[in-house]
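Please treat every number below as a calculation from the coordinates, not as lab data. As the structure is a computational prediction, the values presented were derived from the model and not from experiment. Backbone-built Cβ (ideal geometry, glycine too); neighbour counts: all protein chains shown.
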Amino acid sequence: MAATRRSGFTGPAEVVAELTAQLRAGALRLPERAVAPGTPLDPVVLKTDVLARLFPFAARRALGVASGRAKVTAVVWRDGGDELAVDPAGATVATSAGAVVVTFPVACDQTGAARAQVTFVVGAPDRPAGLYAATDGRPGGPAVVVERWADALTALAWSAVLELLDSVSAALGRDEHGDPFVAGALVATRDAVTLTPMARHRLGRLSS
């Protein structure tokens, strides 16, 4: 959907709607004054029901599906003679303490309908890690899929996570220089992810 504005938020309609609901419920605290570069904002908690609503949107964006095409159910990757269909509408994300699990419905001639799963180890409440994430070299799923498309699936899964975090951060507003906020840290728990948005650091002039 096109960018929209409610309660001062600007961004994709799906994200704006969720942030507006949190603001009205008193679950979201926005900065009261101009934010300097490098300054973190108050954390934003995205519970499992919110993740379920927003993650397909993030998956579509990560796959390059244009805004407003929410009904797209298959993007086909082609490489040489190989093809894999990936369904952004069915993308899901689950969490546990220090882990985020991304699942995509996929399909190819050899498997029919299947699922590919990528697990990222991220920050936990007792082990902050910024936006650092680690994962196995091989996603879960049918061997014929993950052996051929492991790198692409892993990159897609992490791109979708970052797309979600950055979309939420940017919708919250801009810093004192007019730059949109960016994701600064991610913590996963059993029933939510906690995002810490921040004002991006500005690079000074390079000197020789």
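Things worth noting here:
- For the chain, calculated [θ]222 nm from helices alone, where every DSSP H run of n ≥ 4 adds -39500 (n - 2.57): -9000 deg cm²/dmol
- Overall form of the chain: prolate. Here a/c, set by the Cα gyration tensor axes a ≥ b ≥ c, is 1.5 or more, and a/b is the larger of a/b and b/c.
- For Ala185, the amide hydrogen comes within under 5 Å of the amide hydrogens of Thr196, counting only partners 5 or more places away or on other chains and with H modelled in the peptide plane.
- For the residues Pro128, Pro43, Pro88, a GNM of the chain with alpha-carbon springs under 10 Å puts the largest fluctuation on Pro128.
- Label separation (Asp136 vs Asp42): 4.0 nm, computed from points 7 Å beyond Cα along the C-beta direction.
- 5 angstrom amide H check on Arg115, placed H, neighbours 5+ away: Val106
- Cα-based shape type of segment 120-172, given that a ≥ b ≥ c are square roots of the gyration tensor eigenvalues and the cut on a/c is 1.5: oblate
- Cut-off of 10 Å, at most 15 other beta carbons, DSSP loop: longest stretch of the chain lacking such GluC sites (Glu not before Pro): 33-175
- Within the chain: Cβ-based charge dipole about Cα centre, in debye rounded to nearest 20 (Lys, Arg +1; Asp, Glu -1): 560
- If you run the Gaussian network model on the chain, springs between alpha carbon atoms under 10 Å, then out of Gly98, Gly80, Gly11 the most flexible one is Gly80.
- Angle of helix 13-24 to the longest C-alpha principal axis of the chain, folded into 0 to 90 degrees and rounded to 10: 50°.
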